Amino acid sequence: MVRLKNRYLLIDILYPDPSTWPSSKSDKSKAASATNAQLAIHSPTSDALTAGLLAKMIREEVSELYGDYGVGKLGGATAGGINVKYLSPATSTAILRCPRASFRLVWSALTYMSHVPAPGGDVGTKRPNGGRERPCVFRVLKVSGTMKKAEEEAIRRARREIVRVRGVEEKGVLGDLISGTSTAGEKIMDSIMDDSEDEMAMDEDD
């Protein structure tokens, strides 16, 4: 029996907005601006973006870029070669499954995608069907052969983002007093995650 091999892509949807970039001169304002910019870039996605809609958008982008060749590599128009296994609008994170032979086509299609549906009340670019689009950037964080590894990477990055935001907030309140502590905290968190990854790798080898 032939085993179908897949690849799992962990993607992050970012919302860069130049108006939120830190530009103030005072240290306190800079820290607040940096925190606001960080939160704005990683802001939640509208519930209008569903797993089915995201898969459809990717298939359409692959078809537009690569034509029938790209659609064939995904398994045909109705084969459903792209499957969204996980989508969290709150964290703007998703895990996609696609055939191993075509994951680079999916990756390149994500690179060219620049809009997601916006909430009804938000101001955005109007679409032909009457809805609105919100500018965004799709970033591929990890390509894995198993969904478990993609999930572990998503958890690791979420923890690092929390540590980074907290570090910026604490530095803004206490100045340089705890800057070394926040840096040490990040190093400790990284070492813990690296140790846990090594243990999991050893367990898999056994």
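The values are calculated or read from the model by the stated rules, or taken from the named source; none is laboratory data. Because the structure is a prediction, the values reported are computed rather than measured. Note: ideal-geometry Cβ built from the backbone for every residue, glycine included; neighbour counts use all protein chains shown.
Taken as a whole, the structure places Ala79 among residues that are assigned to a loop (DSSP other than H, G, I, E, B) and either at pLDDT below 90 or touching a Leu at 6+ places or on another chain (Cβ under 9 Å) (or both). Would you pick out the residues in region 86-100 that are in contact (Cβ under 8 Å) with a residue 40 or more places away in the chain and either part of a helix (DSSP H, G or I) or more than 14 Å from Val140 (Cβ to Cβ) (or both)? Scanning region 86-100 gives Tyr86, Pro89, Ala90, Thr91, Pro99, Arg100.
Quick grid of which residues meet (1) under 25 Å from Val143 (Cα atoms); (2) among the aliphatic types (A, V, I, L, M); (3) modelled with pLDDT of 85 or more; (4) in contact with a strand residue (DSSP E or B) (Cβ under 9 Å, 6 or more places away or on another chain):
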site	(1), (2), (3), (4)
Arg3	yes, no, no, no
Leu10	yes, yes, yes, yes
Pro18	no, no, no, no
Asp27	no, no, no, no
Ala31	no, yes, no, no
Ala34	no, yes, no, no
His42	yes, no, no, yes
Ala48	no, yes, yes, yes
